[in-house]
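Trainee: Take this structure, written in structure tokens, and hold onto it; I'll ask about it next.
The values are calculated or read from the model by the stated rules, or taken from the named source; none is laboratory data. The model shown is predicted, which means the values in this text are computed figures rather than measured ones. Every residue, glycine among them, receives a Cβ derived from its backbone with ideal geometry; neighbour counts consider all protein chains shown. For accessibility, only protein heavy atoms count, side chains too; no ligands or nucleic acids. Shrake-Rupley method; radii C 1.70, N 1.55, O 1.52, S 1.80 Å.
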Amino acid sequence: MSRPDSAIASRTALLDDFFGGWEPSDKELFASFYRDCEGTPGMITDFMGIKARTEYHPWAAHMDGWVIKDLPIPDDALRAEAIEYFVLFDAINNSRDTFRMAEIGASYAPWSCAAYINATRRGLTPHITAVEASQTLYDLIPQHMSDNGVDPTMVRTIKAAVASQRGTLHFPKVTDYGQNGGQVVEGEPEVDYVGRAVEYEEVTAITLTDVIKDDVFDLLHVDIQGVEAAVLASAIELLSSKVRRVFVGTHSRLIEGRLLELFAANGWALVRERPTKFQYFADRPDITGWTSRDGGQYWINNKLL
């Protein structure tokens, strides 16, 4: 096969995951977190043996009772991509005694649950914080923990939006569990960043200082739909002194560039990166609304390692 034909075949096989933030060597790492288990009606079980209620994933109703045994390369075929699993496993494997993580924009807190379970399996004492603005999604967190044998009282939860400063903001009301793309805003605009007419609920805005306080965190997992650059820039000194690793879900090319400048200028090292995929829409009010598939960046703070 010629080189061009090989490139075309690879891209066809990987679809839109070409150069998707993972490496072939990740397979061995991921396999070390594999747990064999049986399926449960009403649940979708992943390769780690962690269950999520099928109703949380209305786009995947056909997977009810399934056990997804494939390692998540290039993704888990449900909700997340390889880069996020690499981040969690790399952070856990490089922690000692304790594992402290915060999930910002947690939804039903799948990463918080996975962090708690896998840190415990590795003999670490987990200290996990989950922050979510939507009342509907926040209310799912204790149930998801209980479904996986985690005492909900052992996970710190905060009902709030993380912003650049404290105050009161508005967040789109979630009417079904498939709505995970809300962006916190000031006021109540007629349409959101992708042009949808939505209702809003008033939410408390806190800062990263309120989440981190005086602790040193092993990992900060941030997925806040387009405001990540502003929030992280407002707290970069705190991050550099208190956080060892940051994963950021990115939602525009502009945000990616701002984060690259921000972290690099402050001495952080970029370990993995997956660019956003976007389609131009002239009528959308915010370029974040152009994004058709989120990206991600994984940064390490060598000063705290």
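Trainee: Lysines near residue 213 by alpha-carbon distance under 27 Å, same-chain residues fewer than 8 away left out - which ones?
Mentor: Output for residue 213: 159, 242, 303.
Trainee: Which order do you get for 5, 90, 294 if you rank them by accessible area with a 1.4 Å probe, largest at the top?
Mentor: 5, 294, 90
Trainee: Under a 10 Å cutoff between Cα atoms, tell me which one of 133, 235, 161 has the largest fluctuation in the Gaussian network model of the chain.
Mentor: 235
Trainee: Under the √(5λ) rule applied to the eigenvalues of the Cα gyration tensor, what semi-axes describe the equivalent ellipsoid of the range 24-183? Give them in Å, descending.
Mentor: That gives 24, 20, 15 Å for the three semi-axes.
Trainee: If each Cα of the chain is one equal point scatterer, what is log10 of I(q)/I(0) from the Debye formula at q = 0.09 Å⁻¹?
Mentor: Summing over Cα pairs of the chain leads to -0.44.
Trainee: Also: In terms of modelled amide H atoms, which long-range or inter-chain residues lie less than 5 Å from the amide H of residue 75?
Mentor: The list, which skips near neighbours in sequence, is 82.
Trainee: Starting from the amide H of residue 157, placed 1.01 Å from N in the peptide plane, find each other amide H under 5 Å away whose residue is 5 or more places distant or on another chain.
Mentor: Distant-sequence amide H within range of residue 157: 130.
Trainee: I'd like the Kirkwood hydrodynamic radius of the range 230-275, using the inverse of the mean 1/r over distinct C-alpha pairs, in Å.
Mentor: Radius from the Kirkwood sum: 11.1 Å.
Trainee: Same structure again: Taking a quarter of the surface of the Cα convex hull of the range 93-249, what do you get in nm²?
Mentor: If you wrap the Cα atoms of the range 93-249 in a convex hull and average its projections, you get 9.0 nm².
Trainee: While we're looking at this one, here's another question. With every protein chain kept in the model, how would you rank 23, 81, 103, 199 by accessible area, 1.4 Å probe, largest at the top?
Mentor: So, going from the largest accessible area down, we get 199, 23, 81, 103.
Trainee: Can you tell me the equivalent ellipsoid semi-axes for the range 25-116? Use √(5λ) from the Cα gyration tensor, largest first, whole Å.
Mentor: 22, 15, 12
Trainee: What stretch of the chain, leaving out the sites themselves, is the longest with no chymotrypsin sites (Phe, Trp or Tyr not before Pro) in a DSSP loop having at most 16 other Cβ atoms within 10 Å?
Mentor: 35-279
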